[in-house]
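Below: one structure, written as structure tokens.
The values are calculated or read from the model by the stated rules, or taken from the named source; none is laboratory data. Everything numeric in this text was worked out from a predicted model, so none of it was measured. Please note: Cβ atoms are built from the backbone with ideal geometry, for glycine as well, and neighbour counts cover all protein chains shown.
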Amino acid sequence: MAMLAATARATKRVLIVDDDLSIVRVLQDALGLFRHEHTYAAQTAADGAEGLAALERGQFDLVLLDMYMPRMTGLELLTEMRRRGLQTPVLMLTGNEDSRSAASALASGIFAYVPKPFDLQQLEVLVSLAAASRSVSAA
């Protein structure tokens, strides 16, 4: 008789908020390849306003957030998340080298700032650490 593995991996919910569909696909693919103690279920939003709506509908273990998007920027969404008491870990993604915006994001309590193009090994480590930080703080 075959036994089911007792080491089933828990699933972490990740919200990807980015207006660039190619970046969203890269992030979704990467999350599927990461070999962590858990798996990832990704939901996507095309801008900060859609991201806020997704956050209102459900809880996430991690948010991958683009800094510059139409309608509502990543910084605006981050500010609104914190105003509402949402302490979900955020990895802020950007292709721009704007140190003032990076400083604002860090001051708003992001977990890490991730420049584009991504170093996928670095991203894997940051995602694992951020997801684990949520487990510890939620316990």
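Within the group Ala41, Ala49, which residue is assigned to a strand (DSSP E or B), touching a Lys or Arg at 6+ places or on another chain (Cβ under 7 Å), without any contact (Cβ under 8 Å) to a residue 60 or more places away in the chain and not β-branched (Val, Ile, Thr)? First the steps, then the outcome.
Working: Ala49 fails: assigned to a strand (DSSP E or B).
Just one listed residue meets the conditions, Ala41.
Do the conditions hold for Arg83, that is, is it at pLDDT below 90, among the basic types (Lys, Arg) and loosely packed, with under 13 Cβ neighbours inside 10 Å?
The answer is no for Arg83.
For segment 44-65, which residues satisfy the criterion of being exposed (fewer than 15 other Cβ atoms within 10 Å of the Cβ), within 14 Å of Thr11 (Cα to Cα) and at pLDDT 95 or above?
none
Criterion first (in contact with a helix residue (DSSP H, G or I) (Cβ under 9 Å, 6 or more places away or on another chain), surrounded by fewer than 19 Cβ atoms within 10 Å (Cβ to Cβ) and of a type outside the set (D, E, K, R)) does Tyr40 satisfy it?
So Tyr40 fails the test.
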